[in-house]
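Everything on this sheet refers to the single structure shown next.
The values are calculated or read from the model by the stated rules, or taken from the named source; none is laboratory data. The model shown is predicted, which means the values in this text are computed figures rather than measured ones. Because the Cβ atoms are built from the backbone with ideal geometry, glycine has one as well, and the counts that use them run over all protein chains shown.
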Amino acid sequence: MGFFFRLALVGFVFLTSSADAGTRVVLASWYGGYFHGRTMANGDPFDENNPENAASLMFPLGTRVTLCNIKETSEQVCLEVTIQDRISPRYRNRIDLSKAAAEELNFKEKGVTRLQIVSIVLP
């Protein structure tokens with residue numbers, strides 16, 4: 001169905017299906033500190049040390065997304081995260097990862113990087 005089929009819903013853009021997820025690149029940042037222990041959009045407390053936590057407006061809550069960082073090291077590093085929180089509408093085309101996920105994907109010190117979306121599993 002092309003690159004991504006987009007569905008606009010109350011001002012948010014959700015990616016609803018993906019035939020070529022591996023060609024999609026997303027800007028990623030990380031969050032922690034102040035948000036650690038605060039309630040996420042799914043009702044659970046945010047844990048900056050859990051590499052599975054992620055926030056985004058591009059995907060419905062509960063979506064599992066596999067991201068790969070192929071720029072920071074010579075070896076490809078991939079991680080599966082679950083969208084459990086929302087991000088500011090200002091950053092609607094970005095994914096925000098936990099501090100632990102940023103460490104695993106080798107961009108914590110940099111703060112922001114581009115990641116390749118390898119797969120999307122909707123809830």
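Filtering the stretch 54-86 down to residues that are among the aliphatic types (A, V, I, L, M) and surrounded by fewer than 18 Cβ atoms within 10 Å (Cβ to Cβ), which residue is nearest to the chain's Cα centre (by Cα)? Among those that are among the aliphatic types (A, V, I, L, M) and surrounded by fewer than 18 Cβ atoms within 10 Å (Cβ to Cβ), it is Leu61.
The set of residues in the stretch 92-109 that are surrounded by fewer than 21 Cβ atoms within 10 Å (Cβ to Cβ) and either among the acidic types (Asp, Glu) or not in a loop (DSSP other than H, G, I, E, B) (or both) comprises Arg94, Lys99, Ala100, Glu103, Glu104, Glu109. For beta carbons closer than 8 Å, sequence separation of 6+ or different chains, a first residue in the stretch 108-120 that is over 14 Å from Val65 (Cβ atoms) and a second that is part of a strand (DSSP E or B) and not aliphatic (A, V, I, L, M), the qualifying pairs are Lys108/Trp30; Gly111/Ser29; Gly111/Trp30; Val112/Ser29; Thr113/Asn69. Scanning the stretch 33-68 for residues that are in contact with a helix residue (DSSP H, G or I) (Cβ under 6 Å, 6 or more places away or on another chain) and within 20 Å of Arg114 (Cβ to Cβ) turns up just one, Pro51.
Only one of Pro89, Pro45, Pro123, Pro51 is surrounded by fewer than 16 Cβ atoms within 10 Å (Cβ to Cβ) and either small (Gly, Ala, Ser) or under 17 Å from Ser29 (Cβ atoms) (or both); which? When all the criteria are applied, what remains is Pro89.
It is to be established whether one or more residues within the stretch 72-81 are among the small types (Gly, Ala, Ser) and either more than 15 Å from Glu52 (Cα to Cα) or touching a Gly at 6+ places or on another chain (Cβ under 7 Å) (or both). Looking through the stretch 72-81, at least one residue is among the small types (Gly, Ala, Ser) and either more than 15 Å from Glu52 (Cα to Cα) or touching a Gly at 6+ places or on another chain (Cβ under 7 Å) (or both). The set of residues in the stretch 20-46 that are closer than 19 Å to Leu105 by Cβ and either under 15 Å from the mean Cα position of the chain (by Cα) or modelled with pLDDT of 95 or more (or both) comprises Ala21, Gly22, Arg24, Val25, Val26, Leu27, Ala28, Ser29, Trp30, Tyr31, Gly32, Phe46.
Per-residue answers, yes or no, for (1) farther than 16 Å from Pro123 by Cα; (2) in contact with a Leu (Cβ under 7 Å, 6 or more places away or on another chain); (3) in a loop (DSSP other than H, G, I, E, B); (4) charged (D, E, K, R):
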position: Gly37; (1), (2), (3), (4): yes, no, yes, no
position: Ala41; (1), (2), (3), (4): no, yes, yes, no
position: Asp47; (1), (2), (3), (4): yes, no, yes, yes
position: Ala54; (1), (2), (3), (4): no, yes, no, no
position: Gly62; (1), (2), (3), (4): no, no, yes, no
position: Val65; (1), (2), (3), (4): no, no, no, no
position: Cys68; (1), (2), (3), (4): yes, yes, no, no
position: Val81; (1), (2), (3), (4): no, yes, no, no
